[in-house]
Structures are given as structure tokens and as C-alpha cells.
Amino acid sequence: MSNYQVLIIGGGPGGYETAIRLNQYGIACALLEQQRVGGVCLNVGCIPTKALVKSAELWNEMKEADSFGFTVPNLNLDYSKVFERKEKIVGQLVSGVEFLFRKRKIPVFLEKAVSVARQDNGYLLRTDAGTELGAQYLIIATGSQPRSLPGIQIDEQNILSSTGILKLQTLPRSLAVVGGGVIGCEFASIMNSFGVQTQIIEFLPRIVALEDEEISRRLTLALKKSGIAVKTNVGVQSVRQAGEEQELLLSDGSVVTAEKVLLSVGRAPVNNLDWQGGSPAGERGAISIDGMMRTDLPGVYAIGDVTAKMPLAHTASKQGMIAAEHIRSLIQNTDFHCPGLEYQNIPRCTFTFPEVASVGLSEAEAKEKYTRIKVGKFPFSANGKALAMGNSFGFVKIIAREEDSRLVGMHVIGPHAAELIAQGSILISSGATAEVAEKLVFAHPTLSETVKEALEDIRDLSINKI
């Protein structure tokens, strides 16, 4: 049996980055991953999806080439090459992570962790291959998996999960997306751009329901304008095969049909280890943690989607850094100096057309918490760079407390929103006020000037707002 100071179960961004950080600290660790390192994010999530987003974005721009002065004859889409490019990018990144592990001599066991038992100096872990591993500390990073709906079975043939739709090597004629959250809206945008007749069916009153309500309304407008049918306030009761089509019976009595169905109704924590002698506390399948990522079991930490706390890849990575730092403080008797993780200040991004990104409180949340707030907005239609790009839909919205102009929320819908939101993350996390605009110089002409103008608009000082 091999013994380590730390065993990490799960090789997604949280797990593999934590392993590398522990190795940098000189702590002996090993990683268990039942498939390939990179987890859902690198293999069947963030990265392959964004590869498709780029292809769809370029395809959209090529269709508008005439407005930029180019005539493109015989414009055709070869989805097989789009698929090949996606696979190549995934392979390159996963191979890169595997190389890092070989270079650092971090052991990787491509086996499934099955059971965990307490022993004198820590824990004994067994895998489905019969391997036994011992460790003083455990980090659970087992991630999440797609949820399904009662009576609707994901078969990855006609009723797809987000994993299954990424494996399609040919485009369907039509697609019904059940669930208007981040994943559903992203795939709806991608498929619609490629010419697939697409519709979104959302049980809640609005799509991307966790976003600011104004952002949700504008995204709905943009998706409908692009040709996506959006149905809200309606659920799917059943799906049945009708010839070559899937027939969806909705809760309002209507029926819609599509060649393929994407079920994107959220993800559930993967927490299926056999804990011999007591499992970590939690609820609804998630594992409860404290600010250092500790569970209620001594020496056991949990990070990422299995904790159900802002389930995003970059959340898992940050949680992993905190767990690694805390374990280091115990093993090497060093000071623990990681600040607490404020989950509401973790940026959230949706790669639709247009992009959506946010950090901090929505306008409704800010009003509920502080009562009196100030809101600054600036449209991309008044930004020179956006106009030059031919992409001027949307706006930047920044929210501040009225009492001291401290920034508490930023929301963007429009070009490169996912890049711009980093500025909001820095400003809000550092406790900046709207007056910070007086101390900063934003390059011209750039999209980031919309952030400056929105900051100035909080104090009614925006120069270019019409």
C-alpha cells in the first residue's frame, strides 16, 4: 500500500490545480481520477463548449462580412471540421496537464475511488481496481453530473445531456433545450448560430434566472431576435418518440417537436463514496464545508461542485488553493493567511450571443440588502471600439450603496463581457467606491471605457452617455 500526506479524489480544475500547489509546497500527494485529468471542465464542459462558441462566433461574423467590405462567395459550414477542432483543443489541454504531472512526478491513479475508512494516522482509500492508498488528509473534489427530470430518461441519443450534445458529430435539424440556465442558453446560442432550429423551454418566469432581471430581459430579446424561440413559465411533462422527432408535452397542454432534446436542468453533486464509519455532513447530496474547506471529519476537505457553493470551475480552483494552504499550515507549521472566500464576489459568465457576465449583487438583491442604492449604466452603442467591431448590443451596469458609493455589483451584457467582468471583480473585492474612476486611466479606444463611463454615471458624470 502506498502512503501520501494528501490524497485528492477528482481531477477537475479544483483537484489537479490543488495537487500541483501541494507539490509546489513540497507536500507528498497523489490524484485519483476515474477518466482523464481535467474533469468535466476540460473534457466535456468549459473548454470544448468554448471551442464551439468561437466557431459559432466566427461563423456569425462571416455571415456579416458584406458589412465590413468583404464578399465571401459560397460560404459553407463543415461541422465535421468544427468538431475536429474542438477535439484537438481538448486533447492539447488535457495532454498539457498530464505533462505537468509527469514533470512534477505527482502520481495519478486513473481509477475510481470506492471506499474510505478511518485508520490510525488518517484514512485508507480503496479503488475499483483494488488499489489501497493511505493518506493523512483527503480532499474530495468529485464534481457534479447532469440532473434529469422525473420520467424523462437521458439516453445520449435523442435526449441529450451537456456531455452528449458535445459528442454529436453532425448537426440536428432542430433542437429543444429544456432549461434556460447558463448551459441551456449557451448551447441554444451555438446551435442556432449553426443553423439549427432552436427553442428554449424554461419552467421559471425568465431565463438565466440567477442573473440581474434587466440582463435577463435583454438576453431574451437578443436570443429571440436571433431566431431562438423562448418559452418561459412552462414545464416539460413528458418526451416521446414520434417518428424521427421527439414530441414534448408541456405543462400548458401544448406540444412541441424537435429532432433532438437537450436536458439542461442543472447539475447534482457526485458524492457516492462508501464512507466506512461515517460520511461528511451535508444535505441534498452536497458536502458541507467551513471557510478553510474542511468537512466535519478530521483531515477531510471538500472543494468544487460537490460542495454546491457557486459551482464553477474557478470556484473549485480557488477553494483548492485555500485547502492546500490550510493543509500546509498544519503539516509545515506555517501561518494560515488566506482571506475568506466571498462567494457572491466570484464572477459568473454565460457565453451566449451576446455574452453575459456578472459579479456581486443584482439590483434587486442590492435594494433588499441596502435599501438605498445608486446605479450607473453605459451602452456599448455609445462606445467607439464596440461600434468599430460591429458589435454594440448591450450595456455595462454597476451598482453602488448610496451612503458611500461603495461598489456592490457589476453586470455586463455585450461584447467580451466575460473579460470585462474581471474589472468588476477587482473593484468590488477591493472595496472600491465610484470615485475610483477619478484615479484610473482607461485606454482609448477600448471596450473597458464602458466600465469607466458606468462608474461615472453613478455620480451623473458620464461624458458620452446620451
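Figures for the structure shown
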| quantity | calculated |
| --- | --- |
| Distant alpha-carbon pairs in the range 354-458 (separation over 22 angstrom), percent | 23 |
| Sequence-distant residues sharing a close amide H with residue 112 (under 5 Å, placed H) | 128, 129 |
| Chain lengthening between residue 268 and residue 145 when straightened (0.36 nm per residue, less Cα-Cα) | 43.7 nm |
| Options (1) 20.3; (2) 37.6; (3) 25.4 - which one matches mean projected area of the Cα convex hull in nm² as calculated here | (3) |
| Theoretical FRET efficiency, 1/(1+(r/R0)^6), r = Cβ-Cβ of residue 115 and residue 333, R0 30 Å, to 0.05 | 0.40 |
| Residues 29, 46, 185, sorted so that the one with the fewest Cβ neighbours within 10 Å comes first | 46, 29, 185 |
| Note, ³J(HN,Hα) from phi for the range 350-363, Karplus 6.51, -1.76, 1.60, rounded to Hz, x at Gly and Pro | 10, 8, 9, 10, x, 5, 10, 8, 8, 8, x, 8, 6, 4 |
| Eligible lysines near residue 452 by straight Cα distance, threshold 21 Å, same-chain separation 8 or greater | 374, 377, 385, 397, 439, 465 |
| Centre separation in Å (Cα based) which lies between the range 217-280 and the range 162-196 | 11 |
| Pairwise centroid distance, computed over Cα atoms, of the range 407-466 with the range 283-347, Å | 30 |
| Long-range tail of P(r) for the range 159-265 (Cα pairs > 25 Å, %) | 13 |
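Each reported figure results from applying straightforward, stated rules to the coordinates on display, with no laboratory input. Note that this is a predicted model, so its numbers are computed, not measured. As a convention, Cβ positions derive from the backbone with ideal geometry for all residues, glycine included, and neighbour counts pool all protein chains shown.
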